[in-house]
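The values are calculated or read from the model by the stated rules, or taken from the named source; none is laboratory data. For clarity, every value in this text was computed on a predicted model and none was experimentally measured. As a convention, Cβ positions derive from the backbone with ideal geometry for all residues, glycine included, and neighbour counts pool all protein chains shown.
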Amino acid sequence: MATCDYVPTSEARAREMLSLANVKEGEVVYDLGCGTGEILIVAAEEFGAKCFGIEVNSRLVEWAREEVEKRGLGDRIKIFHGNIFEPRFWLHLGGDPSIAIANADVVTYYLTLWVQEELKPLIERELAQGARVVSREFKVMGWTPVKVNNGIYLFEKGRSF
Ligand SMILES: C[S@@+](CC[C@H](N)C(=O)[O-])C[C@H]1O[C@@H](n2cnc3c(N)ncnc32)[C@H](O)[C@@H]1O
């Protein structure tokens, strides 16, 4: 399985990513490889988004869930423990068919080129037209960004891929 190490995104950087994607109140944001949930916490608290995070490392999942509870964001952020490359995982996400990457307005990731490359088929297949992908540091190979700012790349289904 393709994976990469945990390196957190600061609140300021998360804000830049979410602003570039123009996240609006009530939109659905997924962070793939969410670590301790930094991006999602900013998305929920400052942008009013409904958030879902997927993380393979169980300790990070525990920390993320603790932080979400501590901040009283349990109704706005759900963190799932799992591998984004495991198709069965996506089928049974939360046991609720409405929780699906196909319903994302915005997908965020801070993943290496290699992991992004493996993710491409899932994202290209599942995302709705107009959904945005915002990637920190790494341009997704073969996609054309609609905006770039300070090492953050914004893509849109239908325009970029
Ligand atoms: C660079 S960190 C970014 C963490 C968080 N998104 C942030 O920006 O603060 C990448 C995260 O992706 C997780 N990850 C890597 N491969 C994964 C996979 N196959 N499934 C789920 N999570 C994965 C790692 O455990 C790590 O926490």
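Against the condition surrounded by fewer than 15 Cβ atoms within 10 Å (Cβ to Cβ), without any contact (Cβ under 8 Å) to a residue 24 or more places away in the chain and closer than 23 Å to ALA14 by Cβ, how does GLY151 come out, does it pass? Judged against the criteria, GLY151 is a match. What number of residues within segment 18-41 are within 10 Å of the ligand (Cβ to nearest atom) and either in a helix (DSSP H, G or I) or closer than 25 Å to GLY130 by Cα (or both)? Matching residues across segment 18-41 total 9. Every test in (1) within 8 Å of the ligand (Cβ to nearest atom); (2) free of Cβ contacts under 8 Å to residues at least 60 places away in the same chain; (3) of a type outside the set (Gly, Ala, Ser) is passed by ARG15 save one, and that test is (1). Quick one: would you say PHE52 is within 12 Å of the chain's Cα centre (by Cα) and touching a residue at least 24 places away in the same chain (Cβ under 8 Å)? For PHE52, the condition - within 12 Å of the chain's Cα centre (by Cα) and touching a residue at least 24 places away in the same chain (Cβ under 8 Å) - is met. Only one entry of LEU93, LEU119 meets the criterion of being modelled with pLDDT of 90 or more and of a type in the set (A, V, I, L, M), and that entry is LEU119. When segment 42-69 is limited to residues that are part of a strand (DSSP E or B) and more than 10 Å from the ligand (Cβ to nearest atom), the one that is surrounded by the most Cβ atoms within 10 Å (Cβ to Cβ) turns out to be CYS51. Every test in (1) surrounded by fewer than 19 Cβ atoms within 10 Å (Cβ to Cβ); (2) of a type in the set (Gly, Ala, Ser); (3) within 12 Å of the ligand (Cβ to nearest atom) is passed by GLY74 save one, and that test is (3).
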